[in-house]
Amino acid sequence: ALSSQSAIYDLEIRDAPNASIALYTSNGVLEYGRKSFSGWQELSPGTRVYVYMETSSQPEAVERIVLDGEGDCVQMSFGRKDRVTLRYGVSFISVEQAMANLRREINTYNREKVAARGRQRWNEVLSSIEVKTDDEEELEKFYSFYYRTFERPICISEDGKYFSAYDHSVHEDDARPFYVDDWLWDTYRASHPLRCITFP
């Protein structure tokens, strides 16, 4: 289940004598504490994505796995656990901001609660257009397509700040959410006018 800048995984483990989870970054660094893990991966020169993650139970063992070539890998072993829950936040600013994003959005290890909040938020957004029909298949198609119009652009504001990949600096957003990654492949013909009507 996910939120805007965080997510939660509820992993069920079957018939495993030692439940293990490995975290890997191909071009970055990972660190770990008792029940928390953090790190970053460089996406392009000067641009990193940061992660901060917590586990519902403390691993019995944590080891760094040596890789041939670039990258970093940490493996957590949980013994004979039936279930392990992970929650994490991401950021383009710092590990500390990734932790703040997680704390702001997810304060539970209950995946169903997070999923219910996400479902409620999507229902609020999608209900900006109300369609009445007896054809359930057409209704499902319409709302599936409408849902996909929200794939871009993406809000990258994090507590009033955002990272710019243009100058590799953190800027204030002046209380106005900062959006990027609008594909601009004819979105001005339909997607932008639609958004002006539904969310003026």
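Here are some notes:
- Filtered residues of the stretch 115-158 (kept if farther than 20 Å from S3 by Cα, among the hydrophobic types (A, V, I, L, M, F, W, C) and not in a helix (DSSP H, G or I)): I129, V131
- Hey, F178 aromatic (F, W, Y), under 24 Å from L43 (Cα atoms) and open to solvent by 70 Å² or more (accessible area, probe 1.4 Å) or not: yes
- From the list D186, D159, D167, the one residue that fits, being open to solvent by 50 Å² or more (accessible area, probe 1.4 Å) and farther than 27 Å from G89 by Cα, is D186.
- Residues located in the stretch 17-53, provided they are free of Cβ contacts under 8 Å to residues at least 40 places away in the same chain and surrounded by fewer than 13 Cβ atoms within 10 Å (Cβ to Cβ): G33, R34, P45
- Among residues that are free of Cβ contacts under 8 Å to residues at least 40 places away in the same chain and either touching a Phe, Trp or Tyr at 6+ places or on another chain (Cβ under 7 Å) or farther than 29 Å from V49 by Cα (or both), P200 is included.
- From the options G69, G79, residue that is of a type outside the set (A, V, I, L, M), open to solvent by 60 Å² or more (accessible area, probe 1.4 Å), part of a loop (DSSP other than H, G, I, E, B) and on the phi > 0 side of the Ramachandran plot: G69
- Qualifying residue in the stretch 82-92 (condition: in a loop (DSSP other than H, G, I, E, B), among the aromatic types (F, W, Y) and either open to solvent by less than 30 Å² (accessible area, probe 1.4 Å) or in contact with a Lys or Arg (Cβ under 9 Å, 6 or more places away or on another chain) (or both)): yes
- The sole residue among N107, N101 that is in a helix (DSSP H, G or I) and either at pLDDT 90 or above or touching a strand residue (DSSP E or B) at 6+ places or on another chain (Cβ under 8 Å) (or both) is N101.
- Number of positions in the stretch 96-107 that are open to solvent by less than 50 Å² (accessible area, probe 1.4 Å) and either of a type in the set (G, A, S) or free of Cβ contacts under 8 Å to residues at least 60 places away in the same chain (or both): 2
- Top-ranked residue of the stretch 50-85 - restricted to ones that are modelled with pLDDT under 95 and aliphatic (A, V, I, L, M), ranked as farthest from I154 (Cα to Cα): A61
- Test: residue in the stretch 159-179 that is of a type in the set (K, R) and part of a strand (DSSP E or B): yes
The values are calculated or read from the model by the stated rules, or taken from the named source; none is laboratory data. Just so it is clear, the model here is predicted, and its values are computed rather than measured. Using ideal geometry, Cβ is built from the backbone for each residue, glycine included, and neighbour counts are taken over all protein chains shown. For accessibility, only protein heavy atoms count, side chains too; no ligands or nucleic acids. Shrake-Rupley method; radii C 1.70, N 1.55, O 1.52, S 1.80 Å.
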